[in-house]
Amino acid sequence: RAALLLSRCLLKMVKESIIGREEILSFCCNGLQGSTSPPRAREPEEREEAPGAMASPPAARNPTEVQMSQLVLPCHTNHRGELSTGQLLKWIDTAACLSAERHAGCPCVTASMDDIYFEHTISVGQVVNIKAKVNRAFNSSMEVGIQVSYEDLCSGKHCSICKAYATFVAQGPLGSKVRLKPLTPQTEEEKIEYSIAAERRRMRLVHKDTLKDLLTRSPQETELETRDGSGAVPAEKTRVESVELVLPPHANHQGNTFGGQIMAWMENVATIAASRLCHAHPTLRAIEMFHFRGPSQVGDRLVLKAIVNNAFKNSMEVGVSAEAYGQEMSISCRHINSAFMTFVVLDQEGHPRTLPMVAPEPGDGERRYREASARKKIRLDRKYVVSCKQTEVPLSVPWDQSNKVYLSYNNVSALKMLVAKANWALAREKEKVRMYTLEEDKFLSFRIEMSVCITASRAFSLLSNLRRRHEWDSHYVSAELVQKVDDDDKIYHVVSQKLTHENKPQDFVILASRRKPCSKGDPYVVAFRSVTLPTHPARAEFTRGETVCSGFCIWPESEEMSKVAYYNQATPGYLNYVTTNVAGLSSDICSTFEACEKFLLKNKNDLISQLQDF
């Protein structure tokens, strides 16, 4: 009876947190050895410290991360009670600039902003949450990623508004450029963004060339619209011009106008131009990638001009420019920025209304009209290929001149995202060859790696050339170069061995994209993905195969040693082959990779083949 009463007493003390389980165990053990002293009750101080002692340390926060929360007030909204897009752009630019300055340790200015697609509007009383952090620092510029969402305080609902990427340049005394310290990513997400930032930077640099190339190669795609234009609105009637005086509240501590303030002023005149076409209140849906060509300072007069370039069935493009003048308006201006904004007009159900046509002016008006059509095609290609999640992009995307840059970007970035994944598990190891697997969503991915006595640049050159892959990969029969897109991108028609369950060989149309390291520590990359070409449709004598993401990454380990890794995100037709190897029922993959090593070693000093590669 005494033991029973004692146990009940102890249990009650545990429930009331007067003593802990470890003290119960200690008392029981001592009791078995003859000690009958009861456990000591905890002091209040001990009871308060215990939770802290057991709590796990908080996750390390990115030192460049900036979080901003803004309550939407009536002064921030338009006539519909929705947050003005110009005000949102100011908040986005401010948060991004603060993040950039945290990393640089000095003042920063906005250099460019990538495409922004606004998914929802924000109402009075809701909260805008903005998170910005530096993804990667280059020599004197850095990419800042921005995520914007809204929060309804009454319902607790959260919803994404947009995602943006801005480029900032660090400035020293007298506007001199500052060399930035490198950024070391920590989490898997940061490593992915860090890796892909180099590819986004490359895409920005060729953005203008893409438009020129489309207008030159495909003029028939940008001809003037031929449908009935009897009710067309002359573009001249939509023209808007406005002037703004740059005051100290519009500028940073160096006296340079905030990029977000300039964007807000540009959005204002663009909205007026769009309203003059549709005689309604338009909604801004997208802002195309733009660059700031130069700074403006306190005291400048900014002249903002806007005109509707083209009106499509449910959307219109408005072109906006910003020019800076000094006190003497007669003195030549400085072109600060040009941007292209896409507007829609929504009905009561929230569906886009049909818009009237635009009649462009002869000369420059017709040029802007055609360029707007080309930009729309490029914008759709970019949104379709770049903005989609990897699982939403079809295996084979049609390739043409307008989307070649974005398909190349998607090809390389998909492989870099796969490389940055953290949960790879070692499946097999045979001598120097190691095989890892990654199970995620609908895909089973695998990675095979080994160290080879060859320079990374030479391995990169040899593995880039699909026409030589049959020399070490027995599954390849031939690879024909179909089209040389540029020095870093080529399209091949590949024929492989017959499949075990079918009596005909398999063929692929593959885009091969290669990239040299952007900075120290980056790998050499050779990425493969399927594309569709009208000149090479599926034929009856072949089974058309597709690859969503595969390729090589090569890291230099020393002057003569390199780590070569092959990645493949297996499609359903490839799963049986992969799982057989993972289960140890076949050594085919390892044997193929060993043959690859012999091929690299055999050709590492072949000067003739070096001139023929890729």
Å² per residue, accessible surface of the stretch 63-190 at 1.4 Å:
43 Å²
Post the alpha-carbon centroid distance, the stretch 99-160 to the stretch 477-496, in whole angstrom.
40 Å
Place +1 on the Cβ of every Lys and Arg and -1 on the Cβ of every Asp and Glu in the stretch 392-603, take the dipole about the Cα centre, and give the residue among 566, 554, 538 whose Cα lies farthest towards its positive end.
554
With r defined as the distance between the Cβ atoms of residue 245 and residue 119 and R0 fixed at 45 Å, what FRET efficiency is calculated, to the nearest 0.05?
0.85
Students often get this wrong: which residues of the stretch 276-309 have the backbone nitrogen under 13 Å from the point 7 angstrom along Cα-to-C-beta of residue 78?
276-286
Stretch residue 504-residue 348 to full length: gain in nm at 0.36 nm per residue minus the Cα-Cα span?
50.5 nm
Counting only protein heavy atoms and using a 1.4 Å probe, what share of the accessible area of the stretch 66-152 belongs to carbon plus sulfur, as a whole percent?
47 percent
How high is the relative contact order of the stretch 140-205, in percent, counting Cα pairs under 8 Å that sit 6 or more residues apart?
28 percent
Grab the Cα-Cα distance for residue 519 and residue 298, subtract it from 0.36 nm times how many residues apart they are, and report the gain in nm with one decimal.
75.8 nm
Listed peptides 466-479, 185-198 by packing density, highest first (mean Cβ within 10 Å):
185-198, 466-479
Label-point separation (nm) for residue 106 and residue 439, each offset 7 Å from Cα along Cα-to-Cβ?
5.2 nm
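Send over the per residue convex hull volume for the stretch 392-603, Cα only, as a whole number of Å³.
125 Å³
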Given +1 on the Cβ of Lys and Arg, -1 on the Cβ of Asp and Glu, and no further charges, what dipole in debye does the stretch 63-190 carry about its Cα centre, rounded to the nearest 20?
400 debye
Heavy-atom accessible surface of the stretch 392-603: percent carbon and sulfur, 1.4 Å:
51 percent
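The values are calculated or read from the model by the stated rules, or taken from the named source; none is laboratory data. Just so you know, these numbers come straight off a predicted model, no measurement behind them. Ideal geometry is used to build each Cβ from the backbone, glycine not excepted, and the neighbour counts take in all protein chains shown. Ligands, DNA and RNA are stripped out before the accessible areas are found, and what is left, the full protein with its side chains, is counted by its heavy atoms. Shrake-Rupley method; radii C 1.70, N 1.55, O 1.52, S 1.80 Å.
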